[in-house]
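The values are calculated or read from the model by the stated rules, or taken from the named source; none is laboratory data. Since the model is a prediction, treat every value here as computed from it, not as a measurement. Quick reminder, even Gly has a Cβ in these numbers, built from the backbone with ideal geometry, and neighbours come from all protein chains shown.
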Amino acid sequence: MQGNIDKKKQFSNRKIAFIVWDREGIRAYGISKHIGSSLHFLYTSRIKHPLLYIRTLRLLRKEKPHIVICQSPPITCACIALVYKYLFPSTSRIKILIDVHTGAITKPWSKNFSRIVMRRASVTIVINKEQQDYLIQNYQVNPVVLEDPIPDLTDMLLSKEHERYILKQKAVFNVAVISSFAYDEPLQAVFDAASKLPDVNFYVTGDRKNADKTLFIIKPENIIITGFLTYGTYIDLLQKVDVIMDLTTENTSIVAGAYEAVALEQPLITSNWPPLRRYFNKGTIFTDNSAEGIRKAIIVAMTKKDELSTGMHQLKIERTKEWEDKISNIYSVFQ
């Protein structure tokens, strides 16, 4: 423990900037909070995207950080940080880290360009072993695995500033379906499962305008589309339901909503993929993403809710300690 404390003390003496070319980033927020870095969300339209190059360079010139962490995608964010490092002689000793998300691997802007940038970074970070293996084999880059931190939602839950979410009445069981209507979400299967469970209400989050309109041609009455929620209201919804569901068709992905289920110690239903099974090995039910598989998973959650909640409590304790140990080990990179 003393060794970890010493490393954190050394780490706190380094000025760190975490840059995300997006409107938000829960993972970036969690990591920044833990390591004490400044966090910058830079966003503009695709047409004006090149403006981010200038804004990023200006930010780095102003802050003069010792360490820069860039979220990818897009890989161009890290590229500009490297340009900054090599453009100004006084910055040649700064460390560039790339926090690689699933999209940077499954849908890279350019595999060759990504490989060049990652090889020149001090460290590349991925969220699971599957992504680590993929980058080793296809990019010849040896990344460090660092899962998302379990978010600390204490202040959010106690705050009276955000609007509370009111559940619709007359349901024997309530399910929060975490969604952004993305391509990897098996929502049609969720809708089909809902049609076979009329006494269960399904609260599907996310902005409806991003959805495939054919999804709503035949929508079961027990599917409630919440629309976009502020984060506080969204968390209020998650703590009020009986189970949280977050599914993906990507077999190397770890869904962000699953971490929120752990933070809230809520039972979780998620997809039956190796990285998800390995990390969420308590308090969780796994499904094959089919309508029948989802239906069966909900029935199990209904009968074992208390047991699953207890498992989530234990998982939260274990994973929080593991993450703190891992982030401490990464400190050696900055010495």
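Any idea which of 155, 133, 148 is closer than 30 Å to residue 330 by Cα, in contact with a Lys or Arg (Cβ under 7 Å, 6 or more places away or on another chain) and of a type outside the set (Phe, Trp, Tyr)?
Being closer than 30 Å to residue 330 by Cα, in contact with a Lys or Arg (Cβ under 7 Å, 6 or more places away or on another chain) and of a type outside the set (Phe, Trp, Tyr) holds for just one of 155, 133, 148, which is 148.
Scan the range 253-266 and give yes if some residue there is assigned by TED's automatic domain parsing to the domain that holds residue 184, among the hydroxyl-bearing types (Ser, Thr, Tyr), touching a strand residue (DSSP E or B) at 6+ places or on another chain (Cβ under 8 Å) and in contact (Cβ under 8 Å) with a residue 60 or more places away in the chain, otherwise no. Break it down into steps so the answer makes sense when it comes.
Residues of the range 253-266 assigned by TED's automatic domain parsing to the domain that holds residue 184: 253-266.
If we keep only those that are among the hydroxyl-bearing types (Ser, Thr, Tyr) as well, we get 253, 259.
From the residues that got through so far, the ones that are touching a strand residue (DSSP E or B) at 6+ places or on another chain (Cβ under 8 Å) too are none.
No - not one qualifying residue is present in the range 253-266.
Right, residue 132: under 18 Å from residue 69 (Cβ atoms) and not in a loop (DSSP other than H, G, I, E, B) or not?
For residue 132, the condition - under 18 Å from residue 69 (Cβ atoms) and not in a loop (DSSP other than H, G, I, E, B) - is met.
Within the range 213-225, track down each residue that is of a type in the set (S, T, N, Q) and modelled with pLDDT of 95 or more. Break it down stepwise before answering.
From the range 213-225, those of a type in the set (S, T, N, Q) are 214, 222; that's our starting set.
Listed by number, the list holds a single entry, 222.
Matching residues to (1) surrounded by 16 or more Cβ atoms within 10 Å (Cβ to Cβ); (2) closer than 14 Å to residue 164 by Cα; (3) not charged (D, E, K, R):
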| residue | (1), (2), (3) |
| --- | --- |
| 200 | yes, no, yes |
| 203 | yes, no, yes |
| 212 | no, no, no |
| 216 | no, no, yes |
| 223 | yes, no, yes |
| 226 | yes, yes, yes |
| 234 | yes, yes, yes |
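What do you reckon, is residue 165 more than 30 Å from residue 321 (Cα to Cα), touching a helix residue (DSSP H, G or I) at 6+ places or on another chain (Cβ under 7 Å), among the hydroxyl-bearing types (Ser, Thr, Tyr) and surrounded by 15 or more Cβ atoms within 10 Å (Cβ to Cβ)?
Answer is yes for this residue.
Run down 115, 119 and say which single residue is assigned to a helix (DSSP H, G or I), touching a residue at least 24 places away in the same chain (Cβ under 8 Å) and more than 19 Å from the chain's Cα centre (by Cα).
Details: 119 fails: touching a residue at least 24 places away in the same chain (Cβ under 8 Å).
The match here is 115.
Here is a yes/no grid of residues against (1) closer than 25 Å to residue 254 by Cβ; (2) hydroxyl-bearing (Ser, Thr, Tyr); (3) assigned to a helix (DSSP H, G or I); (4) modelled with pLDDT under 95:
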{"position": "3", "(1), (2), (3), (4)": "no, no, yes, yes"}
{"position": "8", "(1), (2), (3), (4)": "no, no, yes, yes"}
{"position": "28", "(1), (2), (3), (4)": "yes, no, yes, yes"}
{"position": "39", "(1), (2), (3), (4)": "yes, no, no, no"}
{"position": "69", "(1), (2), (3), (4)": "yes, no, no, no"}
{"position": "86", "(1), (2), (3), (4)": "no, yes, yes, yes"}
{"position": "90", "(1), (2), (3), (4)": "no, yes, yes, yes"}
{"position": "104", "(1), (2), (3), (4)": "yes, no, yes, yes"}
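When you scan the range 109-144, how many residues do you find that are surrounded by fewer than 19 Cβ atoms within 10 Å (Cβ to Cβ) and either closer than 15 Å to residue 72 by Cα or not hydrophobic (A, V, I, L, M, F, W, C) (or both)? Break it down stepwise before answering.
Narrowing the range 109-144 to residues surrounded by fewer than 19 Cβ atoms within 10 Å (Cβ to Cβ): 109-113, 115-116, 119-120, 122, 129, 133-134, 136-138, 140, 142, 144.
Those left that are additionally either closer than 15 Å to residue 72 by Cα or not hydrophobic (A, V, I, L, M, F, W, C) (or both): 109-113, 115-116, 119-120, 122, 129, 133-134, 137-138, 140, 142, 144.
Residues flagged as surrounded by fewer than 19 Cβ atoms within 10 Å (Cβ to Cβ) and either closer than 15 Å to residue 72 by Cα or not hydrophobic (A, V, I, L, M, F, W, C) (or both) within the range 109-144 amount to 18.
Given the conditions (1) more than 19 Å from the chain's Cα centre (by Cα); (2) free of Cβ contacts under 8 Å to residues at least 60 places away in the same chain; (3) under 30 Å from residue 322 (Cβ atoms), report the number of the one that residue 276 does not fulfil.
(1)
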